[in-house]
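Below is one structure, written out as structure tokens, with a few remarks after it.
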């Protein structure tokens with residue numbers, strides 16, 4: 001179904017609508033603008049204005065104490081040509097984006113789909129189980145107890161008891177392990193906005209479609225998924241994809257809590273924590289903004305590609 | 001023909017095979033354990049006495065449960081000159097007002113974006129999606145400057161107003177609203193309803209699962225926002241900001257930190273369970289039908 005055809009077109013019933021002036025068309029839709037007004041005002045003040053300021057600041061030298069000083073492309077040149085650590089954190093960011101991103105996206109969808117088959121009580125329980133970690137907010141500090149590098153760490157304790165290890169492994173301090181540890185925690189936390197939207201999405205699908213499908217010869221759940229569920233879920237799938245891009249490119253709180261800030265030799269740091277490092281710790285706000293703009297462009301690019309892929313599929 | 005009718009009557013459960021069900025059960029159980037065990041560990045850690053937190057071999061469950069951590073927590077809190085109830089009030093007030101505002105403002109804005117063809121619809125929707133992709137960390141400083149210029153520092157406004165505008169909320173609601181059949185909206189218009197009435201009486205009931213979901217997101221993120229940088233007045237602070245100070249106390253407070261996390265977890269959890277239930281109750285009579 002082409003979604004654009006599904007738009008209310010009351011004024012277009014008037015054949016001369018296309019010939020009307022812009023202001024006339026805006027006037028016809030005055031109620032629409034009025035409905036959007038509260039959001040547009042707050043959104044401009046608290047999101048758009050800060051975004052534009054951040055982009056402007058990326059061309060300056062700003063230490064948060066003195067007035068910003070214009071430096072042109074200098075921050076970008078330094079970032080892309082002169083910053084060895086940026087390459088390291090860029091690599092980590094891509095690892096997070098391309099490992100945890102697809103894994104949690106597909107898992108979120110599959111789980112929401114399985115859960116939907118259960119009765120109300122079980123469904124509510126399972127949703128709680130998988131959304132629990134996200135719901136619990138800052139509980140991810142518990143992973144530092146589990147992966148603690150000494151004998152008191154739960155994982156080390158278990159592995160030593162089972163005879164797999166003799167000496168405790170310093171999961172968080174050892175640069176060979178720390179990135180994997182954070183990946184595990186990130187997947188644990190990743191059943192977020194997308195997952196809940198999928199759960200709600202399944203509940204918005206018209207039941208009669210499935211009954212009609214059985215008559216039309218759909219025999220198993222995979223056919224049902226492919227021919228009915230996926231197309232009916234297109235809006236939620238797109239929402240989930242955008243949220244997933246944001247979540248997997250922007251990982252930072254988890255890394256700070258689990259691996260330390262900055263992690264040893266920046267082995268687990270991502271662009272997200274790197275921005276924090278420059279912006280909040282070193283007070284080089286101009287440079288931090290330039291990093292943010294580069295991250296933003298990467299996310300926009302990925303978003304475009306994924307939207308194309310999904311729209312081709314659905 | 002007989003078989004078909006039989007299938008039709010006994011609903012789509014018949015489409016599932018036993019082997020597939022077993023596999024699903026296994027996957028769900030393993031993943032479920034991975035999700036739940038750390039949470040359970042955090043929960044039992046809150047009841048562990050200090051010596052049990054640091055023993056070898058480490059024990060998952062608590063042997064001698066104690067409320068010491070909670071008592072210790074309340075002692076720490078009683079040392080602040082502002083009573084705990086004040087922080088609790090601030091947190092509840094800010095979260096409830098901002099969540100309500102966010103759901104209303106987001107769905108009001110989402111309806112025209114999903115269903116009307118006004119000039120500027122496409123660029124506006126694109127901007128909302130792009131805003132979701134901009135790193136929040138670098139926005140704090142410009143946001144701080146704006147909030148300061150508006151004279152909102154040390155007011156509830158600094159915590160509530162930025163939280164009400166939620167590109168995530170608008171995007172979510174918009175995605176759900178595109179599924180509403182246009183004929184439903186046209187019927188409401190023929191009955192003479194204006195857009196505001198159509199939004200409230202027709203659109204909102206049709207997307208109940210969506211706004212219940214948005215309530216969960218919004219409440220949870222607002223409940224957990226510390227707002228440290230906008231509110232310095234002790235009497236205006238919210239719980240996460242106080243909890244953050246306690247968590248800064250280091251290893252000696254490991255048990256108390258678990259207790260804090262537990263206390264902070266309860267309100268979103270309760271709200272989640274309540275909302276969940278009504279999502280499930282509405283699903284049988286979803287208004288979305290052509």
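Overview of results
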read-out	value
C-alpha long axis of helix B:68-78 to longest principal axis of chain B, angle in °	90
Potential lengthening between residue B:232 and residue B:140 on full extension [0.36 nm per residue; Cα-Cα distance subtracted]	31.5 nm
Equivalent ellipsoid, chain B (semi-axes from 5 times Cα gyration tensor eigenvalues, Å)	41, 32, 16
Percent RCO, i.e. relative contact order, over the range B:82-223, from Cα pairs under 8 Å lying at least 6 residues apart	44
Between 0 and 90°, nearest 10: helix B:121-132 axis offset from chain B longest Cα axis	20
Reciprocal of mean inverse Cα separation for the protein assembly as shown (Kirkwood radius, Å)	26.2
Binned Cα-Cα distances of the range A:146-281, short to long, each 10 Å bin given as a whole percent	11, 27, 22, 18, 16, 7, 0
Average Cα contact separation per residue, chain A, under 8 Å, 6 or more apart, as relative contact order %	25
0 to 90° range, to nearest 10: angle between helix B:208-223 axis and chain B longest Cα axis	20
Sequence-separation-based contact order of the range A:98-162, relative, with Cα cut under 8 Å and 6+ spacing, percent	12
Alpha-carbon gyration tensor eigenvalues x 5, square-rooted, for the range A:37-188, Å	39, 29, 15
Kirkwood-Stokes translational diffusion coefficient of chain A, alpha-carbon pairs, 37 °C, 0.692 mPa s, µm²/s	141
Peptides A:193-200, A:21-28, B:158-165 ordered by average Cβ neighbours within 10 Å, highest first	A:193-200, B:158-165, A:21-28
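Every number here is computed from the coordinates shown, using simple stated rules; none is lab data. Just so it is clear, the model here is predicted, and its values are computed rather than measured. Every residue, glycine as well, gets a Cβ built from its backbone with ideal geometry; the counts of neighbours run over all protein chains shown.
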